[in-house]
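These notes are about the structure you will find just below.
The values are calculated or read from the model by the stated rules, or taken from the named source; none is laboratory data. Please read all numbers here as calculations on a predicted model, not as lab measurements. Here Cβ is always computed from backbone atoms with ideal geometry, including for glycine, and neighbour counts include all displayed protein chains. Quick note on the areas: whole protein, heavy atoms, side chains included, nothing else; ligands and nucleic acids left out. Shrake-Rupley method; radii C 1.70, N 1.55, O 1.52, S 1.80 Å.
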Amino acid sequence: RKSSDAVMHAPAGRRARHSAPARRRRLSDLVLRMIWKEKEISRAEIARRAELSRSTVSEIVDALLPTGLIAEVGTGPSGGGRRPIVLRFQNEAFVILGVELGATHVAVALTDLGGRVLAWEERNYPVRTDPEGTRALMVELCDLALAQSPHGKRRLVGIGVAVPSPVDPALPERLSGLVLPAWQGNAGFEVLSRRYGVPLIMDNDANLGALAEQWWGAGRGVTDFAYIKVATGIGSGHIIAGEIYRGATGVAGEIGHLAIESQGDLCICGLRGCLATLVGAPALVARARALRAEFSASALAQGELTITAIEDAALAGDPLALKVTREAAEHLGIALADLLNLMNPAKVILGGGLSRLGELLLEPLRESVRHRTLLSSLAASAIQVSELGPRSVSIGAATLVLKSALADSRRFPAAIQTVETS
């Protein structure tokens, strides 16, 4: 009997010993997230909200203080008795790199732990056709961004990378051969992890644009919304019940491949008449070129045509550019009407280069949507442009790392051993 009891109780004892550090980490992460969210809060208030003993909270806080993630910043108002010491989250304690790969550019944002952009680097580059050059440029721009922050490399938590490709959570390093054929399915971003000695996380660019808007932009406080990136291609990221919706294999949100014209131009995906063939940057440039003869007085009638030139001309009131913009809004409205009828988001947030046109795009877009949407769905959905502008996706890439670190504080370099060994 005693022998049997010993056998039965030993595993429980081992489980208890193993679970104690895990429980401590969970509580530490809970407390850290609360301080991050509230910005300033006292130990007593943490204990009350988290339903923990004051002694447990004090032990956790005492272990977190040496990491630099939090600091004591004076006293707060008294509720009777001694005035409580206020804790403040230290956004400047660490930095994060967010890298955006577009089809034709690379952008890097260095942020603090509060989403503030400390450095920004961007370069036009043929990303789709030159993977090796793109990886080298990523390193160059990351180095430039880190050089603008004191001790940036030493304080780096991780690197988030946004790619213009679906990302399968089970195979995150595999890129779409249709979208990035020259990459042969291999991201090869381990060069960044090795160089900086930090974890790297990647996701689809539109998903990360949505994440950035949810944390810092037009999606704050909204549990269900869509972020549409209108650039070389067209992608969408969806926040459903407060979380990014990726689908079974990460392909959710490929709105650019909705069929708008059944007999339209051939798309890179192999289908015809996809939204991307009508609203993507190459399609808009081609359309402007075809209209030159009709608008001989336009500023776009001569010289090189680029999507930026079309956007600039539209903002200046150029008739050719405005016609291209209205047509793009009409086509985009067809896709958004389907999205609103199917998903009923509270908001649709437009990002990417074309979104800088603001009401020049939104007014005809809303009109197009209005004619194709159930009134109840349209009434519940606001359509607006991004609050974060062209930096939204790279900020979202950095936010992905921050979200991961707040869920598991061991990702913060200085916090790993301090909390666990105290």
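Here is how the numbers come out for the structure above:
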{"read-out": "Residues (of a type outside the set (Gly, Ala, Ser), out of contact with any Leu (no Cβ under 8 Å at 6 or more places or on another chain) and more than 15 Å from ALA103 (Cβ to Cβ)) located in the range 279-293", "value": "ARG287"}
{"read-out": "Filter pass, LEU97 being part of a helix (DSSP H, G or I) and closer than 30 Å to ALA248 by Cα", "value": "no"}
{"read-out": "Hits in the range 100-118 (condition: part of a strand (DSSP E or B), under 19 Å from GLU213 (Cα atoms) and not acidic (Asp, Glu))", "value": "LEU101, ALA107, VAL108, ALA109, LEU110, THR111, VAL117, LEU118"}
{"read-out": "Meets criteria (of a type in the set (Phe, Trp, Tyr) and surrounded by 24 or more Cβ atoms within 10 Å (Cβ to Cβ)) for TYR227", "value": "yes"}
{"read-out": "Counted residues, the range 385-400 - those being crowded, with 21+ Cβ neighbours inside 10 Å, more than 8 Å from the chain's Cα centre (by Cα) and either under 15 Å from GLU243 (Cα atoms) or small (Gly, Ala, Ser) (or both)", "value": "1"}
{"read-out": "Answer residue from the range 75-94, given it is crowded, with 16+ Cβ neighbours inside 10 Å and assigned to a loop (DSSP other than H, G, I, E, B) and is modelled with the lowest pLDDT among those", "value": "GLY76"}
{"read-out": "Qualifying residue in the range 272-282 (condition: of a type in the set (Ser, Thr, Tyr), closer than 24 Å to GLU311 by Cβ, without any contact (Cβ under 8 Å) to a residue 24 or more places away in the chain and not in a loop (DSSP other than H, G, I, E, B))", "value": "yes"}
{"read-out": "Candidate set: the range 243-278, residues that are closer than 16 Å to ALA206 by Cβ and of a type in the set (D, E, K, R); chosen: the one most open to solvent (accessible area, probe 1.4 Å)", "value": "GLU243"}
{"read-out": "Every pair of residues 6+ apart whose Cβ atoms lie under 7 Å, when the first sits in the range 36-47 and is at positive phi while the second is at pLDDT 95 or above and surrounded by 15 or more Cβ atoms within 10 Å (Cβ to Cβ)", "value": "LYS39/ARG88; LYS39/PHE89"}
{"read-out": "The range 301-336, residues that are farther than 13 Å from GLY353 by Cβ, open to solvent by 10 Å² or more (accessible area, probe 1.4 Å) and either touching a Pro at 6+ places or on another chain (Cβ under 8 Å) or not in a helix (DSSP H, G or I) (or both)", "value": "ALA301, GLN302, GLY303, GLU304, LEU305, ALA316, GLY317, ASP318, ARG326, GLU330"}
{"read-out": "Search result, residues across the range 130-162 that are at pLDDT below 95 and over 25 Å from ALA405 (Cβ atoms)", "value": "none"}
